[in-house]
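Novice: Here you go, one structure.
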Amino acid sequence: MALTKNKVTGLVALIVGVIYFFSTMSLPADLAQTDPVGPRAFPYIIGVCLILVGLLLVFKKEQLTEKNRAVVFVWATDKETILKIAYTCVAGLIFGVILEPVGYLISTALFMTAMMFITYGKGRAIFNVVIGLVFAITTYVAFFELLEVSLPRGILAF
């Protein structure tokens with residue numbers, strides 16, 4: 001079996017899907033009184049979909065070519081890409097840690113601004129900050145105000 005980009009992506013989706021599916025079992029079932037579908041339905045659907053997509057990609061028949069060959073990173077030539085991946089992981093972890101105490105609006109603005117700087121660099125600083133703020137405000141209004149989804153308020157109590 002040749003290791004292609006699709007097979008690597010499929011394996012990752014399969015592993016994440018299985019972990020996600022079994023993690024759903026730990027969600028409390030007592031919320032079913034307020035939610036007729038229950039709190040586990042959507043996460044189970046996501047887990048099953050990830051598993052199915054992962055299996056489809058793993059078992060997809062394809063010829064190994066230079067274009068679809070699995071990517072192997074070499075520090076000497078791919079240092080910038082590896083650092084961007086590492087910065088993205090760190091930003092995601094920080095976002096997860098500060099989301100509840102700081103609140104959705106501030107933590108999302110900081111996270112998206114950081115992602116913009118990771119992607120576009122310092123040369124477009126104003127653009128990066130504006131996009132981070134616009135994304136945070138837009139998603140906050142869409143989810144909190146329009147869809148009435150409860151989001152962590154943190155230090156902003158409005």
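Novice: Ranked highest first by average number of other Cβ atoms within 10 Å, how do 118-128, 46-56 line up? Intermediate values should be presented prior to the final figure.
Specialist: Working: 118-128: 12.2, 46-56: 16.1.
Listed from highest to lowest mean packing, they are 46-56, 118-128.
Novice: Arrange the residues T108, T138 by how much accessible surface each exposes, largest first, with a 1.4 angstrom probe.
Specialist: Ranking T108, T138 by accessible area, largest first, yields T138, T108.
Novice: Could I ask something else about it? Mind ranking E145, E62 by accessible surface for me, highest first, 1.4 Å probe? Walk me through the intermediate numbers first.
Specialist: Details: E145 105, E62 55 Å².
Ranking E145, E62 by accessible area, largest first, yields E145, E62.
Novice: Sticking with this structure for a sec: Would you rank M25, M115 by solvent-accessible area, highest first, keeping every protein chain in place and using a 1.4 Å probe? The partial results should precede the final answer.
Specialist: Numbers: M25 95, M115 35 Å².
Putting M25, M115 in descending order of accessible area: M25, M115.
The values are calculated or read from the model by the stated rules, or taken from the named source; none is laboratory data. Just so you know, these numbers come straight off a predicted model, no measurement behind them. All Cβ positions, even for glycine, are placed from backbone atoms using ideal geometry, and neighbour counts span all protein chains on display. Calculation scope for accessible area: heavy atoms of the full protein, side chains included, ligands and nucleic acids excluded. Shrake-Rupley method; radii C 1.70, N 1.55, O 1.52, S 1.80 Å.
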